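Participant: Before I ask anything, let me first share the structure, which is written out below as structure tokens.
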Amino acid sequence: MKNFLISGLLLMLASTLAYAGGYRVGAQGQRALAMGHAGVGVVNSAETAFFNPSGLVYLEDRLTISAGITGVFSNVKWQNTSTGQFAETQQDPGTPFYFHAAYKVNEWMSLGLSVSTPYGSSVEWERNWPGSHLVNDIELAAIYIQPLVSVKLSEHFSIGGGPIFVTGNVNFNRNANRTLTDEQGNRSNITVDDSGVTNTGWSASFMFTPVEALRIGFNYKSEILLNAEGGEATFSNFPNSTLTPQNGTTAFDATLPMPAELTIGFAYEMNEKWLFAFDYQRAYWDVYNSLDIDFADPNVATSVNPRNYKNASTYRFGAQYLASDNLTLRAGYYFDESPVQAGFFAPETPRNDANGFTAGLSFQVSESLAIDASFLYLRFKEVDASYDSYTENGQSVPFEGTYKSNAFLPGIGVTYKL
Amino acid sequence: MKNYIKFLPFLAFGLMACEPELDQAIEENEVYTAGEADFSNYVALGNSLTAGYADRALYIQGQENSYPNILSGQFALVGGGEFTQPLMADNLGGLTLNGNQIAENRLVLSSNAGEPVIPPLPITGEPQTEITTKLSGSFNNMGVPGAKSYHLLAPGYGSLAGVATGQANPYFARFSSSENATVIEDALAQSPSFFSLWIGNNDILGYATSGGTGVDQTGNFDASTYASNDITDPNVFAGVYSQLIEGLTASASGGVVYNIPNITDIPFFTTVPNNALVLDAQTAVNLTGFFQAVAGIFTQGLIQQGIPPAQAQALAAQYAITFSEGPNRFIIDVPVTPSNPLGFRQMQPEELLLLTIDQGALAQGYGSVALSPEVMQVLGLLQQGGTPTQEQAALVLDAVNGIDDKDALDASELQAISTARTSYNATIQGLAQANGLAFVDANGLLQDVGQGVSFPGGTITSSFVTGGGFSLDGVHLTPRGYALVANETLRAINLTYGSDLPEVQLGTYGTIYLSDNVN
């Protein structure tokens, strides 16, 4: 659980690993995830609280709860054929979770609560690997807490939304540069750590139901900047010299953005057994221009790490089939466009465009309880990429190589209705 | 459902095993080829440069960045095996013999309030490398700091008993297989499949770094009579070198040899300029006047000894050295000869001062004249046309404070070094060609460093402290300098053996080390 709580902020450099581009981790509902994480037009459980709050009012039960957890097993391999170097990330499974609840106040209004971890990352390279001047390891998580209200304005139209409270943590370590060591030969490094960084944002959504079988949804989450102020930066293994920073701690300020996200899409119930969903999502990553870490110690220069992310789109397709009274099968696919631009491929977020293949099922254990399971396989093409913004002596020193990644996200959850 | 849930941890475990596969993975040996060479058992022979010596000491970090160790990392991509080195006990680098320190700790660049302190100083600490603590096993890196060519064939060079008497080498004594072992025997016992040999530097370097106080042994074929500061006879070198190559090529599939760089590309000899006698106008006039006085006094002395005045004036004229405002070349002592009876002269443009010269003394008149008030008084007397007494004349001649032989390399010493080196290099290149070995022009490489070698993130030059190529002793290389040697070696090997070994990134190798842990 601690992992979840760690979350964070940002830092340092970066970025992170992402399962949906950048450091977005799309695993906020097993039912949706099994359908390509599409759900802006789907109303079938409290997961709707995250995917489209305006749909909550269409849930028929008085109280609906969905909760779940996902294991993120990611692997990244890197090599540089011009030097013969190679490395891979260590296994350090991330565990995004969610808890969504909806309470039907009356026929035209529902209240909801959504707690989830849509942003986070955990990447650990081998210590002092060839890219250690950019990142040794990073752990980042943000918890979104959203009180929600959903109002039915007419038979065909509802609106919903509410504030978003975010708390985040970050821990990031990298080496000071490519060569500096202390007297014993240990590489000089810096750890940036902050926790309990908070900020607020908002979400707004609507759902249009022109005919009973078709729901069209729109959901928008605002941008939230997590400002780590007064975090702790620890300088370790620097030599005893007045020509280098001193060992010890100093405060730092940095800002990590959680970008605004817009989703539109629909769900079409073809018949009693089949439902199809499509979401188009746009994440406004261009807010993530540069990660600047400003150290309180006046002798330590601000660390400027250009990121230059671009806005990125995701296309999600999902299908659901009622196999029997108590078994529902789901499958989906999504294409996830990376916000990382050429020349800015930093190894804390070693993510290029990805194809996600999903599957899952729900098993109705009793009238009120269902078990939801999902599985996501993320496939990345092998990519030759570089990060060109690291400099020494005023000269760009690109960090180049070939990356090959994949990720497996098995998830389990429950849906409870009262 | 519970039954299924309990299998989930196993599923998760299985997923961790599903690693992505690169199309052509370096890790799986799918990228590079070894060509005709067999790198499975690489053995490196040589001296301090091969051992990874730097900053006037051998220490772990330097050894890890030795060029043979860098090479072995690349060889490992095409079937190279483990590469063992006789690692020191610490990163201090000092040596003890029966608890008594016999080699100083490494040099570091200290600082004061954000400004570097020159010269570099030894790092503090109790060195833990006791040479009587013998290392067991054989070592792929057979580089022995201090070794000259003929030492590799010398029985007893690794004798512990011989270290105390100065007959043996403390570094080799740590890991020699027996008291009588030779370096080449211990190397051949490992049946190297590939070798490197960089030897001969010390055959001139001991002479050079002593300021030429040793003997040029050219013509003396008995190496057992050589002292450490002597120049090895080129025929002795050639004989030794061909024996080494013969032994090594018997078992190895291939090898690489290195020639000997010119000392004028090494900061130990290029950092202190020979014209650092910087004078203001008045001092230049005074010094010029002083040496006119010297010439005058000497002329008078010769005439009094019965030398014809014209001849006396001609002989003494060489001492009427003139100085100008700005930089002037120093005065050095040279052997007294009939043509230079006073035994000093101004340095010639190509002559060199050593890094170890006392720069404080230079500022106090070492290399020129100690212009004491008494001397000035005599000069004043002379200017007024007076005749100095014998004591006064002697006072003036004694005031000349030329640079000692040990602090400089004069033209004849440089010539001796150059002649020997040229001959060694002809031997090395000839044997490389005759045996089809890869050849590294280390001489050309260090010349390039003198001009500056650029890489992403900087430039390597041979400037002392700041250049990045040479360590703080001014002779040995930095990790980055050794990486440069490794890359040149990889190019030579690829060319000779048809391999396609990749080069390393120079910028990922460090240069000099900073620490204020100095006394």
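The values are calculated or read from the model by the stated rules, or taken from the named source; none is laboratory data. Treat the numbers as computed from the prediction; the structure is a model and nothing was measured. Positions of Cβ are generated from backbone atoms using ideal geometry, with glycine treated the same way; all protein chains shown enter the neighbour counts.
Participant: Please work out if B:Thr511 is β-branched (Val, Ile, Thr), within 22 Å of A:Thr83 (Cβ to Cβ) and at the interface with chain A (Cβ under 10 Å from one of its Cβ atoms).
Facilitator: Yes; evaluated as a whole, the condition is true for this residue.
Participant: Related question: Check off (1) of a type in the set (Val, Ile, Thr); (2) touching a Gly at 6+ places or on another chain (Cβ under 7 Å); (3) over 30 Å from B:Ser111 (Cα atoms) for B:Val440 and give me the number that stays unchecked.
Facilitator: With (1) of a type in the set (Val, Ile, Thr); (2) touching a Gly at 6+ places or on another chain (Cβ under 7 Å); (3) over 30 Å from B:Ser111 (Cα atoms) applied to B:Val440, the lone miss is (2).
Participant: Is it true that some residue in region A:229-251 is surrounded by 17 or more Cβ atoms within 10 Å (Cβ to Cβ) and in contact with a helix residue (DSSP H, G or I) (Cβ under 8 Å, 6 or more places away or on another chain)?
Facilitator: no
Participant: Only one of these conditions is not met by A:Ala38: (1) within 14 Å of chain B (Cβ to nearest Cβ); (2) in contact with a helix residue (DSSP H, G or I) (Cβ under 9 Å, 6 or more places away or on another chain). Which number is it?
Facilitator: A:Ala38 satisfies every listed condition except (1).
Residue-wise test of (1) part of a strand (DSSP E or B); (2) within 19 Å of A:Tyr119 (Cα to Cα); (3) at pLDDT below 95.
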| site | (1), (2), (3) |
| --- | --- |
| A:Asn227 | yes, yes, yes |
| A:Glu232 | yes, no, no |
| A:Phe238 | no, no, no |
| A:Ser241 | no, no, no |
| A:Pro245 | no, no, yes |
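Participant: Might you check whether a residue that is among the charged types (D, E, K, R) and over 25 Å from the mean Cα position of the chain (by Cα) occurs anywhere in region B:98-114?
Facilitator: no
Participant: Given the options B:Val236, B:Val257, name the one that is within 30 Å of B:Gly452 (Cα to Cα) and not in a loop (DSSP other than H, G, I, E, B).
Facilitator: Result of the check over B:Val236, B:Val257: B:Val257.
Participant: Please go through region A:384-417 and pick out each residue that is surrounded by fewer than 17 Cβ atoms within 10 Å (Cβ to Cβ) and at pLDDT below 95.
Facilitator: A:Thr391, A:Glu392, A:Asn393, A:Gly394, A:Gln395, A:Ser396
Participant: Could you identify the single residue in B:Asp410, B:Asp398 that is surrounded by fewer than 18 Cβ atoms within 10 Å (Cβ to Cβ) and either in contact with a Pro (Cβ under 9 Å, 6 or more places away or on another chain) or of a type outside the set (Val, Ile, Thr) (or both)?
Facilitator: B:Asp398
Participant: Out of A:Ser45, A:Ser110, A:Ser132, report the one residue that is in contact with a helix residue (DSSP H, G or I) (Cβ under 7 Å, 6 or more places away or on another chain), among the polar types (S, T, N, Q) and free of Cβ contacts under 8 Å to residues at least 60 places away in the same chain.
Facilitator: The conditions single out A:Ser110.
Participant: Follow-up. Residue check: is A:Ser313 out of contact with any strand residue (DSSP E or B) (no Cβ under 7 Å at 6 or more places or on another chain) and under 27 Å from A:Gln30 (Cα atoms)?
Facilitator: no
Participant: Any chance you could count how many residues in region B:120-140 are more than 14 Å from chain A (Cβ to nearest Cβ) and either touching a residue at least 12 places away in the same chain (Cβ under 8 Å) or charged (D, E, K, R) (or both)?
Facilitator: 11
Participant: Suppose we keep only residues that are surrounded by 21 or more Cβ atoms within 10 Å (Cβ to Cβ) and at pLDDT below 95 within region A:78-107. Which one would you say is farthest from the other protein chains (Cβ to nearest Cβ)?
Facilitator: Checked region A:78-107; the qualifying residue farthest from the other protein chains (Cβ to nearest Cβ) is A:Pro96.
Participant: Oh, and also: Does A:Leu262 qualify as being within 23 Å of A:Asn219 (Cβ to Cβ), surrounded by fewer than 22 Cβ atoms within 10 Å (Cβ to Cβ), touching a Lys or Arg at 6+ places or on another chain (Cβ under 6 Å) and not acidic (Asp, Glu)?
Facilitator: The answer is yes for A:Leu262.
Participant: Output the number of residues of region A:163-204 satisfying the condition of being of a type in the set (Asp, Glu) and more than 14 Å from chain B (Cβ to nearest Cβ).
Facilitator: Summing the residues that are of a type in the set (Asp, Glu) and more than 14 Å from chain B (Cβ to nearest Cβ) in region A:163-204 gives 2.
Participant: For A:Pro210, state whether it is buried (at least 17 other Cβ atoms within 10 Å of the Cβ), of a type outside the set (S, T, N, Q) and at pLDDT 95 or above.
Facilitator: In short, no.
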